[in-house]
Every structure is written in structure tokens, then in C-alpha cells.
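Notes for the one structure printed next.
The values are calculated or read from the model by the stated rules, or taken from the named source; none is laboratory data. What you see is a predicted model, and the numbers here were worked out from it, not measured in a lab. Quick reminder, even Gly has a Cβ in these numbers, built from the backbone with ideal geometry, and neighbours come from all protein chains shown.
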């Protein structure tokens, strides 16, 4: 994308809210913060946040699986005499 100035017609403004009467197409991308570091003709890209690789539910399932296997792992780590005494 390339930055450019776009004249607009303001219908109303109240605090941080502005309603435009004209000047933008419905698909237009508008910068509302950080405009002081932009210049006409500058190439820019839209920031996309990285998403987690695994959904939270899958991660929780892995935790539950490991937790349920802990008694068996602990018994396997004990010497044979201690494990048979249980």
C-alpha cells in the first residue's frame, strides 16, 4: 500500500468520533494513529498479529495427559523393591 492524502468532508465531530459525509470509498483503509510518521508516497503494510500455534484447548489436553501419566512415570522410576511394596 502507498500512503496518500485524501480530502474528506466531515459531517459531524464529537470528542474522538467523526462522521464523514464524503471522500472515502467503503473499502478504504484509514490511519487513525501514528499519522505523524507517515509521508505521501511512503510504502506501508498492515500489521498482522501472530497467533498461537495450538489452540488453548489442545494445550490444556496435553497438560491433562501428562498429569494423568505422572503416577505411572513415578512408579516406573522407583526401584523394583519400592514399586512392589506399593
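What to note about this one:
- Scanning region 21-37 for residues being outside any loop (DSSP other than H, G, I, E, B) and in contact with a strand residue (DSSP E or B) (Cβ under 6 Å, 6 or more places away or on another chain) gives a total of 2.
- The residues in region 9-27 that are under 25 Å from the mean Cα position of the chain (by Cα) and either modelled with pLDDT under 85 or surrounded by 10 or more Cβ atoms within 10 Å (Cβ to Cβ) (or both) can be counted, and the count is 0.
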